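The values are calculated or read from the model by the stated rules, or taken from the named source; none is laboratory data. As the structure is a prediction and not an experimental result, all values here were calculated from the model. Cβ placement follows ideal geometry from the backbone for every residue including glycine, while neighbour counts extend to all protein chains displayed.
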Amino acid sequence: MIVGHYGIAVDVRLDADGERVSLRVRRDSGHVVGERVEIVPGGLRATAENRGVLRRRDPAGRLRAVAANLDLLGIVVAPRPETPLGFVDRACVGALAAGIEPVLIVNKSDQPGADTIFAAFSASHGEALRILRVSAVDGTGLAELAGLFAPNRRGAFVGTSGVGKSSLANALCPTLALEVGEINEQSGLGRHVTTNATLHALPGGGELVDTPGFRDFGPVEVSALELSQGFIGFRGVVEQACRFRDCRHLKEPGCGVLAALEAGRLHPDRYRVYCTLLEEVEALERGGRSGYSG
């Protein structure tokens, strides 16, 4: 199994005892952390079809695989740095499209502003996905978080740089000793510390993939129809079914989403995120470039 990817090289775990070997690969080899492989003359060969592949689209519009065979995606937010509008919904779209369970993690719960963020996300997303309040500093919520991985689930954390993904990984598995970056006081943004994807076994069971931080998700590999029917931001607030099966919730008559928006059950920001993502997906379907700038 691939347990580390470094661009032109990978680490492969050979057996359950943890023996590893490093091999060079082409930068465009398509191999990904979490993939089951065997070593053959000339390189690696996959031994099973990947499932639960987390992908993101880069600013150039190319789909990039981040990790494979995931069961859980922890979407990490914190009081600082501020998470871009729509990041959580985009991450949920990416997870659900891949058959991965999304979980929202409000980290740094020991800091000022955490209660406000937790309350806001509970109100806006509480009907749609599980939300945890966690602190790698005082241990709040770590036992519940670790329980999501046990006994044999594999997960990854995603979030903008500086929200504390590496700190959470260190708290769950102290032997990792991953480098932790500081927040830039001028920009309010985190510094990219993790630059490669690596897979780690957790003491309580399960595995965690440590992923590089990135500012945002570009539109993932979903169709406009799949997006309109499965956008997580509509769960729990839309009370009536749309009149048309292929409703895209823009100006169609009898639209349940527009009715929820008009009644105040759906926040305008959530609807704006949906419209932006729909526009990007439709542009990709037409063969053009999206307006995503990374």
statement: For region 257-291 the number of residues that are surrounded by fewer than 19 Cβ atoms within 10 Å (Cβ to Cβ), of a type in the set (Gly, Ala, Ser) and part of a helix (DSSP H, G or I) is 3
field: The listed residue being within 21 Å of residue 202 (Cβ to Cβ) and in the same structural domain as residue 153 (by TED's automatic domain parsing), out of 115, 71, 15
entry: 71
- prompt: Inside region 26-137, counting only strands (runs of 3 or more DSSP E) that do not spill past its ends, which hold 2 or more residues that are among the acidic types (Asp, Glu)?
  reply: none
- prompt: Of the residues 216, 269, which single one is among the acidic types (Asp, Glu) and at pLDDT 85 or above?
  reply: 269
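Kindly indicate whether residue 207 is over 15 Å from residue 103 (Cβ atoms), at pLDDT 90 or above and within 19 Å of the chain's Cα centre (by Cα). Working first, answer last.
On the way: over 15 Å from residue 103 (Cβ atoms): yes; at pLDDT 90 or above: yes; within 19 Å of the chain's Cα centre (by Cα): yes.
It is true that residue 207 is over 15 Å from residue 103 (Cβ atoms), at pLDDT 90 or above and within 19 Å of the chain's Cα centre (by Cα).
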field: Matching residues in region 1-32 - criterion: being closer than 22 Å to residue 73 by Cα and in contact with a Ser or Thr (Cβ under 7 Å, 6 or more places away or on another chain)
entry: 3, 4
- prompt: Listed residues 96, 104; which is touching a residue at least 12 places away in the same chain (Cβ under 8 Å), under 29 Å from residue 280 (Cα atoms) and buried (at least 22 other Cβ atoms within 10 Å of the Cβ)?
  reply: 104
- prompt: Given the conditions (1) in contact with a Cys (Cβ under 8 Å, 6 or more places away or on another chain); (2) more than 23 Å from residue 274 (Cα to Cα), which single one is not true for residue 135?
  reply: (1)
